1. How about segment B:172-201: which of its residues are modelled with pLDDT of 95 or more, in a helix (DSSP H, G or I), out of contact with any Lys or Arg (no Cβ under 8 Å at 6 or more places or on another chain) and surrounded by fewer than 24 Cβ atoms within 10 Å (Cβ to Cβ)?
2. Looking at segment A:59-66, is at least one residue buried (at least 24 other Cβ atoms within 10 Å of the Cβ) and not in a loop (DSSP other than H, G, I, E, B)?
3. For segment A:24-31, indicate whether the set of residues that are crowded, with 24+ Cβ neighbours inside 10 Å and out of contact with any Leu (no Cβ under 9 Å at 6 or more places or on another chain) is non-empty.
4. When only residues in segment B:289-310 that are among the charged types (D, E, K, R) and surrounded by 11 or more Cβ atoms within 10 Å (Cβ to Cβ) count, which is modelled with the lowest pLDDT?
5. For segment A:221-241, indicate whether the set of residues that are at positive phi and not in a helix (DSSP H, G or I) is non-empty.
6. Output yes when any residue across segment B:117-127 is more than 21 Å from A:ALA95 (Cβ to Cβ), more than 9 Å from chain A (Cβ to nearest Cβ) and either part of a helix (DSSP H, G or I) or charged (D, E, K, R) (or both), and no when none is.
7. Check B:ARG282, B:ARG247 and return the single one that is among the basic types (Lys, Arg) and assigned to a helix (DSSP H, G or I).
8. Name the residue that is nearest to the chain's Cα centre (by Cα), counting only residues in segment B:17-45 that are assigned to a helix (DSSP H, G or I) and more than 26 Å from B:VAL146 (Cβ to Cβ).
There are 2 protein chains.
Amino acid sequence: MLGEGAEFDVIRRVLKHARSRMAGHASDPRIRIGPGDDCAVVDGLALTLDLSIEGIHFRRDWLDDEPCGYRATAAAVSDLAAMAALPMGVLAGVAAPDGGTAEAVMRGVADACATLGAELLGGDVSRSPGPVVIDIAAVGSCDRPVARSGAHPGDELWVTGSLGGAATAVAEWLAGRVPSDAARAAYARPAPRLAEASWLAERGIPSALIDLSDGLLGDASHIAAASGLRAVIEAERVPVHEAAAGRADAVELALRGGEDYELCFAATPDTVPPHLAEFAARFGSALTRVGRLEPGEGVMLRDADGTMSQPGALGYRHFAEGGS
Amino acid sequence: MLGEGAEFDVIRRVLKHARSRMAGHASDPRIRIGPGDDCAVVDGLALTLDLSIEGIHFRRDWLDDEPCGYRATAAAVSDLAAMAALPMGVLAGVAAPDGGTAEAVMRGVADACATLGAELLGGDVSRSPGPVVIDIAAVGSCDRPVARSGAHPGDELWVTGSLGGAATAVAEWLAGRVPSDAARAAYARPAPRLAEASWLAERGIPSALIDLSDGLLGDASHIAAASGLRAVIEAERVPVHEAAAGRADAVELALRGGEDYELCFAATPDTVPPHLAEFAARFGSALTRVGRLEPGEGVMLRDADGTMSQPGALGYRHFAEGGS
């Protein structure tokens, strides 16, 4: 149910161990979706957990403490969008070397909650011996969850918005430059596509849905793996964020950058185009077809002339550690 | 709704900020219990989040990695017991300097899930730049939540089991000695009082309920603050764990040690004694009256001769940092 990457191998082995330990126990029927998707779904609630650590997932010389809290919260809430759930509440834990930092991060968490329509349901503050740690559990209402696993051979792959904005900011910081306002905003203040996901799900459009946190290639591979298919991405179709426009690596950033928090979904051919105008009018944002699903496994890139190639490593590179 | 201590002051200020940001929004009626208790309760589900950081909440020279994962999970699940909820599932995030450590911690998480009757609903593994970080969200079914806030003046305060065992292990480690097996087990393998809490709640016994994570004085102060009362603890009544017996500081460890994961609850006088024999027969464990609630605020100690005194600092001392 997970794509490529060492961290996913660890999780696969642990889940196997967990299943062997629970062998013989009947699964709780209230658990509608278990591990392997963006959220677990229990009764009508979607639940997700997201751990962000300074030096791995974010750097404090890039953003002040409040935006770090905002961003971590928005990233967790985006996992609700990935199930077509709507946010209800957030539980937040923050560890920091001093109380002032913890409080600033928590204010950012609270601001994100207010902006995204979630109540702050609980908080836990502790000391850290070093890095700032931000720990967000989000809960949403989810009557009609859309999993990663429902895609069919022949389905088209679509994305919302444009990709590579956050990755452009990271690339600029890593090069010692100051990102443009557009790039910085894409990184610091992601806007989870909550209303968009619900709107699509209400119309029964997505057969499989994910949010773009690991990069388009990585997340398309998650949909492909969960659905037992191969994803084929047409690089020249991928909508590049305005902040990346003109860069030589713009398409690479859009394909692999991650942290866009846009949606990627599969849909039967011809079901999306009749809705494009209404979607654009309602959300001020485009839907773009970026590829398709076919029998097989993994993810492939397809050039404009039809040449297929392996895209190389897909795994999320922890930007704060370097890379890109 | 929270007791003393600097971390609680931060949380209070953040929750005030969050409320000001949400002013004018109607609260979601599905949120039955919001911040300030051991769990939030949304529809019929109790939700809790617990962040454990190496060097603050645990030390890896005291326990191997698997027991660290087990213990962090049991501690989080104990917050379900504190609402009289029963565990359904756990979401776990682990960050570690290497994949082998992360996997060992996660195996301990999975073992605790199997032992405690929770499904592992999701996992997230990442690198850490230093300390091991364990992040547990637990979800339980909670048709009849028992909050901290329901105690009345004159109610008695009761505890399950005996206290100070985990603190004895920590005191021994900090003194450079090897703890007894009993002390080590109390620290490494806490047994959340899930069935006990449900049994008590089914009988309508507790007017207020909490689990003992911060130490009896600290947690009694949480019940007192949430209920608008003062807690009076009778030190000579407090049941001391066998591992602490004979130590000069045994009563102090039982009063302040924390991490016992026993229950503390308030009950109308004379409602508990008729159930003592059945409780003992069913759970192999005692219920002990340790004090009462009265008008006022804070927490006081009452000697055998009736002298009242302020207990001094109550806040949870992060043992792994030293202290006790």
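1. B:GLU172, B:ASP181, B:ALA182, B:ARG184, B:ALA185, B:LEU194, B:ALA195, B:GLU196, B:SER198
2. Checking segment A:59-66: not a single residue is buried (at least 24 other Cβ atoms within 10 Å of the Cβ) and not in a loop (DSSP other than H, G, I, E, B).
3. Scanning segment A:24-31, I find no residue that is crowded, with 24+ Cβ neighbours inside 10 Å and out of contact with any Leu (no Cβ under 9 Å at 6 or more places or on another chain), so the answer is no.
4. Here the residue is B:ASP303.
5. Yes - at least one qualifying residue is present in segment A:221-241.
6. no
7. Only one candidate passes the filter, namely B:ARG282.
8. By that ranking, first place goes to B:HIS17.
The values are calculated or read from the model by the stated rules, or taken from the named source; none is laboratory data. Quick caveat, the model's predicted, so the values are computed rather than measured. No Cβ is skipped: glycine too gets one built from the backbone with ideal geometry, and neighbour counts run over all protein chains shown.
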